[in-house]
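S.K.: Can you read through this structure? Questions will come right after.
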Amino acid sequence: MGKKSKRNSGPKPGGARQEKLAARRAEREALDSAVATRPFEGLAFECDLVALREFVPSATAPLPLREPGDRAVTLASVLPGAVAALVRDGGEHADATGFVGMQVQQFSGDLGADLAASVQWVLAAEPGDTLAGASVSGETPAVTELLAESPLDITVHQDFAWWLPEGTDPAPDVAAAIEQANAAILPSARIDAEGVDAAWWVDAGEKAHLRWVRPEDEDELMLALARLHAAGGLTLGEGSRFAGSFRTHGLVVPVFDLDREQHPAEWADATAALGARIGEALASDAPLTADERRARDGIRGRQVTLR
């Protein structure tokens, strides 16, 4: 009969190591199960982060850090392979640049914590390194502790050529990936108008849309939209139609169908005017009329929630 193996198949039941492993497992499960309903709350550019996460195809922006270091960090709608972050080697004459993506394949229930973990990683990683998915721990700071209150200076791209450094000759597989991504991109633009933030135009083919990520409390915004809808003011004018709204990451996004023959800039004044009307409606505390209640119920009934 052979000797009994002394190799342990696992930690001793009731031992300190087993307790430690159980605590770590419970911590990971708690992190995985925690779902932040408004993950970017507290950031000045919360609404644009939601847009970059959910529907903006190709855009970048320098990421404002509370404590800037030696490495610049660029926020991107999506990175090659939908990775969480990467560090691009700047070569002999430039510093390495960190990139953090919003549209990722791997994510937890708290996208704000994911973003914070990715920023931490990209500041310390080596040039050429890639992070497939953020690793959030109990030591990951709140995203508001890492990012400054400066507005985002967003550049909208109509292709994914920025995935490569300027002057780079891509390998065949990389060139094919960029070509495939370019073929699927929808022309997009951020509406530039006084008092307007996070309003995005996109050409979806048969028609164009305006998607406006709003920062207000959902119930208060619904009351305001209902007042405007009942009064015929929930519109961008001729060639537009209120199509409904969707809820994502704790915010409501009203959507308008637009005449796609008009340039995005042609909707700027109408968007600013609508924003002013929404502001006035938000300031009203009068009870809803019967028509306004019906309008509110209709808007809520057509609302879609994106997970």
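Please treat every number below as a calculation from the coordinates, not as lab data. Keep in mind that what you see is a predicted model, and the values were worked out from it rather than measured. For neighbour counting, all protein chains shown are included, and Cβ atoms are generated from backbone atoms with ideal geometry for every residue, glycine included.
S.K.: How large is the helix-only mean residue ellipticity at 222 nm for the chain, computed as the sum of -39500 (n - 2.57) over DSSP H runs with n ≥ 4, divided by its residue count, in deg cm²/dmol to the nearest 500?
M.R.: Numbers: 8 runs with 99 residues, N = 307.
Taking each H run of at least 4 residues, the total per residue is -10000 deg cm²/dmol.
S.K.: Sticking with this one: In degrees, nearest 10, range 0 to 90: what is the angle between the Cα axis of helix 290-301 and the longest Cα principal axis of the chain?
M.R.: Once rounded, one gets 30 degrees.
S.K.: Now a separate question. Under 14 Å from the Cβ of Ala175, count the other residues' Cβ atoms, weight Lys and Arg +1, Asp and Glu -1, and hand me the total. Display every interim value, and only then the final one.
M.R.: Working: positive: none; negative: Asp159, Asp169, Asp173, Glu179.
Once positives and negatives cancel, what remains is -4.
S.K.: Same structure again: Considering the options His229, Val100, Ala113, tell which one lies farthest towards the positive end of the dipole of the chain, charges being +1 on Lys and Arg and -1 on Asp and Glu at the Cβ, about the Cα centre.
M.R.: Going by the Cα projections, it comes out as Ala113.
S.K.: Continuing with the same structure: Placing unit charges on C-beta atoms (Lys and Arg positive, Asp and Glu negative, everything else neutral), compute the dipole magnitude of segment 190-255 about its Cα centre in debye, rounded to 20.
M.R.: Dipole of segment 190-255, to the nearest 20 debye: 240 debye.
S.K.: Given Cα pairs under 8 Å that are at least 6 residues apart, what percent is the relative contact order of segment 222-273?
M.R.: RCO, segment 222-273: 28 percent.
S.K.: Between Gln106 and Arg66, how high is the FRET efficiency from 1/(1 + (r/R0)^6) when r is the Cβ-Cβ distance and R₀ = 30 Å? Nearest 0.05. Walk me through the numbers on the way to the answer.
M.R.: Values: r = 26 Å, r/R0 = 0.86.
Once rounded, the FRET efficiency stands at 0.70.
S.K.: Quick check for me: using +1 on Lys/Arg Cβ and -1 on Asp/Glu Cβ, what's the dipole size of the chain about its Cα centre, in debye to the nearest 20?
M.R.: 2220 debye
S.K.: Can you bin segment 46-162 into rounded, prolate or oblate? Criterion: square roots of the alpha carbon gyration tensor eigenvalues sorted a ≥ b ≥ c, rounded for a/c under 1.5, prolate for a/b above b/c, oblate for the rest.
M.R.: It comes out rounded by the Cα gyration axes.
S.K.: Suppose a student asked you for the relative contact order of the chain, using Cα pairs under 8 Å spaced at least 6 residues apart; what percent would you report?
M.R.: The value is 16 percent.
S.K.: Add +1 for every Lys or Arg and -1 for every Asp or Glu among the other residues with Cβ under 14 Å from the Cβ of Ala231, and state the total.
M.R.: +2
S.K.: Assuming R0 = 45 Å, what is the FRET efficiency of Asp89 and Arg300, from their Cβ-Cβ distance, to the nearest 0.05? Walk me through the intermediate numbers first.
M.R.: Details: r = 50 Å, r/R0 = 1.12.
E(calc), rounded to 0.05, equals 0.35.
S.K.: Magnitude of the Cβ-charge dipole of segment 105-225, K/R +1 and D/E -1, about the Cα centre, nearest 20 debye? Working shown, then result.
M.R.: Values: 4 positive and 23 negative charges, 62 e Å.
Dipole size: approximately 300 debye.
S.K.: Give the relative contact order (percent, whole number) for segment 46-162; include only Cα pairs under 8 Å separated by 6+ residues.
M.R.: After rounding, I find 31 percent.
S.K.: Let me ask something additional. Could you work out the local net charge near Thr60, counting Lys and Arg as +1, Asp and Glu as -1, over the other residues with Cβ closer than 13 Å to its Cβ? If you can, show how the numbers build up before the last one.
M.R.: Values: positive: Arg88, Arg190; negative: Asp48, Asp153, Asp159.
Around Thr60, the charge tally is -1.
S.K.: With point charges of +1 on the Cβ of Lys and Arg and -1 on the Cβ of Asp and Glu, referenced to the Cα centre of segment 106-245, which listed residue (Ala176, Ser240, Leu123) lies farthest in the positive direction of the dipole?
M.R.: Ser240
S.K.: Related question: Measure nothing fancy, just the Cα-based angle from helix 16-33's long axis to the longest principal axis of the chain, in degrees from 0 to 90, nearest 10.
M.R.: Compared with the principal axis, the helix lies near 20 degrees.
S.K.: Which of the GluC sites (Glu not before Pro) found in segment 261-307 are in a DSSP loop and have at most 14 neighbouring Cβ atoms, other than their own, within 10 Å?
M.R.: Numbers: sites: Glu261, Glu266, Glu280, Glu292; in loops: Glu261.
Qualifying residues, ordered by number: Glu261.
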